[in-house]
Number of protein chains: 2
Amino acid sequence: MPNATIRDVAREASVSVASVSRALNGATNIRPELRDHIRDVANRLGYVPHAGARNLSLARSSTIGVVVPDLHGEFFSELLRGMDRQASELGLHLLLMVMHGEADRGVTALHAMRGRVDGLVVMAPQITSDELFAHLPRSMPSILVNCAPHAVVRPELRVDNVAGAVAIVEHLAAGGCRRIVHIAGPEANIDAQERLRGTQEACARLGLALRVLQGDFNEDSGTTAVATLQTEGAAYDAIFAANDNMAVGALMALKRAGIAVPEQVAVAGFDNIPLTRLISPALTTASIDIAEFGARAVVRLAGLIDGAADDHLEWRAPIVIARESTRQPSNNTTENPIRRGDRE
Amino acid sequence: MPNATIRDVAREASVSVASVSRALNGATNIRPELRDHIRDVANRLGYVPHAGARNLSLARSSTIGVVVPDLHGEFFSELLRGMDRQASELGLHLLLMVMHGEADRGVTALHAMRGRVDGLVVMAPQITSDELFAHLPRSMPSILVNCAPHAVVRPELRVDNVAGAVAIVEHLAAGGCRRIVHIAGPEANIDAQERLRGTQEACARLGLALRVLQGDFNEDSGTTAVATLQTEGAAYDAIFAANDNMAVGALMALKRAGIAVPEQVAVAGFDNIPLTRLISPALTTASIDIAEFGARAVVRLAGLIDGAADDHLEWRAPIVIARESTRQPSNNTTENPIRRGDRE
DNA sequence: GCTCTTGATGTAACCGGTTACATGAAGCAA
DNA sequence: TTGCTTCATGTAACCGGTTACATCAAGAGC
């Protein structure tokens, strides 16, 4: 037996569909006793409105699409968590869409969102903005999160990786480090590029020696980097890995090599994955509040859907989360997050 | 300017809406040149079909709802990852819904899924099955994942904690352990109860001495348990904690007490949290393939949606992931996952 | 030439809601 | 009583697709 429709309820209650709709949606222009009667009938029939039909006639789905490149790891679960919390507060649902590498298939999949969601949070660092814009329906409100850089001004949210890297280097320098090794992330990755750039800028400005080793964001490349340094007999007093995974790999390798952290070599990562708190020594890292970041994206998107004028690029600067793996400076730098304003 | 509709395309191409629909959906009963012409016009107008309208007339949304109690931690991101992979393979979208503690609000939120999704994967260990069934529309295909136990037979998927605990105990026994200490999880927790039961069964069957200490799934309770054993001067050669957190606590406490792991005492946990690989000695643990678990739920749900008869409870038995914290038996038990058939 | 079949195309109903507008009854003033 | 307003309720159009069925032209068979 299929689900009851509004017409079934109307017939059963001997009223029109309009009255049923009014009764169930709390309209005021209906006689209270009729309203109650209709509600009783609806309950008795186990009537549950068909959201799809409702969305069609209201031209509003109360759903927002979340486009992410991946779901691996805690970053995305935190991001989703923040988005979900905010969305449910605003009465919105979340339609999840993972856009894997293949740009063509993924980009056309954006089309499938039309008529399914009211707007999109798009996190697509792996495709060029041209491809992205070409396939984002212009009438679809959307906010870009950590996407590839582009010329057009659009509603956008971005982690300020440069500022984060600068903050980490400053923290290392404040702890007395002078010869920094940076384990970079994949060359094609925007985040990795920006973190490298921030490191370079800060080292240059502070007069620190900098050595860059190539990594790939995986734990192994941190281990490999330390092995390289060991065989070379290189002199350094700090390792700043472009993400926590690599930092953990480096940390483990240093431990095995009998090098004291942070006494001989300080280690810092980036992202603040939960693991960083648990290992010993606990890892110093930099991070934004990921859940808040996600929530913010949802808030701005909700504004866009409601027609708000919002066309600006907003940066979130990470703060340094100082832990055991680095020497603490006398003045604690963790307290005042550096917030950059909009750049340009 | 709003998006073009199928009627706009029809007018512009001087054909009927039926022809447009046929052209764009690859029907065969249309003249190829007309089909191409319509496609050209559609492209020129930037026509993207309205999925909501399509769903309404097809009575099918190609979307499945995923109900989870939380999004914290790696378990859920892995689960989602597996579901997403499978769903996108089957051409399905994922609508995410987090059902927080408050049963009433969450349970009625299930109603909002009607007409929005074709079926549900429900993971709701925190609410009783009565509440759950009362609010699951009967016509809504759904598969329960690790839900509270209940009498009715339903499509269901469950981690076989009993089998996992048995496997761990067998692994410990194979490594020569004879006096097992089990640190149990919270008494009210289903998983904890089942793991305890498996431990008891296996120890009885294998003739091993078993001592059970109460824990609470937190790291501290592992530490406390070891402290208790120390002050008692108890004799034991293995600790099996009902989850990894407690195992890690126990491991650290043993280390501090100067007890060699695994030589004097073997340690095993449950869940395979990422940390277990990274600590030293790496922790032996038991776990299912979470992503595969999620994917399986989606496959079965897709079957249900297509009308397949599927009313059975399926168990996934964890496999032992043998690492440094236990003595390895001569024949490796990690290779053959023990798969239990349906119980009862 | 006429009928029958075949296949492309158009018309309009339908999916299940919402809501502008029509209707009609009740209340009130003159 | 008549006319006007107010307000609850009903009717039917609409959202944007799909598709059963009607229609019609072309080709086949006689």
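Restricted to the range B:34-59, and to residues that are facing chain A (nearest Cβ under 7 Å) and among the small types (Gly, Ala, Ser), which residue is farthest from the chain's Cα centre (by Cα)?
Looking at residues that are facing chain A (nearest Cβ under 7 Å) and among the small types (Gly, Ala, Ser), I get B:Ala53.
Give the residue, chosen from A:Leu34, A:Leu110, that is among the hydrophobic types (A, V, I, L, M, F, W, C), within 16 Å of DNA strand D (Cβ to nearest atom) and surrounded by fewer than 21 Cβ atoms within 10 Å (Cβ to Cβ).
A:Leu34
Residues in the range A:60-75: is at least one under 39 Å from the mean Cα position of the chain (by Cα) and within 14 Å of DNA strand D (Cβ to nearest atom)?
Checked against the condition, which is being under 39 Å from the mean Cα position of the chain (by Cα) and within 14 Å of DNA strand D (Cβ to nearest atom), the range A:60-75 yields at least one hit.
Any idea which of A:Ala173, A:Ala151 is away from every other protein chain (no Cβ under 14 Å), more than 23 Å from A:Gly82 (Cβ to Cβ), in a loop (DSSP other than H, G, I, E, B) and not aromatic (Phe, Trp, Tyr)?
A:Ala151
Being open to solvent by 50 Å² or more (accessible area, probe 1.4 Å) and within 13 Å of B:Ile290 (Cβ to Cβ) is the filter; apply it to the range B:73-94 and report the residue that is nearest to the other protein chains (Cβ to nearest Cβ).
Only one residue fits best here, namely B:Arg81.
For the range B:120-147, give me the residue count where each residue is at pLDDT below 90 and more than 14 Å from the chain's Cα centre (by Cα).
14
Would you confirm, using the coordinates I've provided, whether A:Ser129 is open to solvent by less than 20 Å² (accessible area, probe 1.4 Å) and touching a residue at least 40 places away in the same chain (Cβ under 8 Å)?
When the stated conditions are applied, A:Ser129 does not pass them.
Please return the ranges of strands (runs of 3 or more DSSP E) entirely within the range B:191-301 where 1 or more residues are open to solvent by 30 Å² or more (accessible area, probe 1.4 Å).
B:209-214
Taking interchain pairs and intrachain pairs at least six residues apart, which have beta carbon atoms under 6 angstrom, with the first residue in the range B:51-66 and at negative phi and the second among the hydrophobic types (A, V, I, L, M, F, W, C) and within 9 Å of DNA strand C (Cβ to nearest atom)?
That search, which allows pairs on different chains as well, returns B:Gly52/A:Leu56; B:Ala53/A:Leu56; B:Leu56/A:Ala53; B:Leu56/A:Leu56.
Give B:Val107, B:Val122 a once-over and let me know the one that is in contact with a His (Cβ under 7 Å, 6 or more places away or on another chain) and either away from chain A (no Cβ under 11 Å) or not polar (S, T, N, Q) (or both). Spell out the reasoning first.
Details: B:Val122 fails: in contact with a His (Cβ under 7 Å, 6 or more places away or on another chain).
One residue alone meets the criteria, B:Val107.
Considering only the range A:1-26, state which residues are without any contact (Cβ under 8 Å) to a residue 12 or more places away in the chain, within 44 Å of the chain's Cα centre (by Cα) and within 8 Å of DNA strand D (Cβ to nearest atom).
Across the range A:1-26, the qualifying residues are A:Val17, A:Ala18.
Please verify whether B:Gly119 is closer than 19 Å to A:Ser61 by Cβ and open to solvent by less than 20 Å² (accessible area, probe 1.4 Å), treating the condition exactly as stated.
Answer is yes for this residue.
The values are calculated or read from the model by the stated rules, or taken from the named source; none is laboratory data. If you're wondering where the values come from, they're calculated on a predicted model, not measured in any experiment. Glycine also receives a Cβ, built like all others from the backbone with ideal geometry; neighbour counts cover every protein chain displayed. Quick note on the areas: whole protein, heavy atoms, side chains included, nothing else; ligands and nucleic acids left out. Shrake-Rupley method; radii C 1.70, N 1.55, O 1.52, S 1.80 Å.
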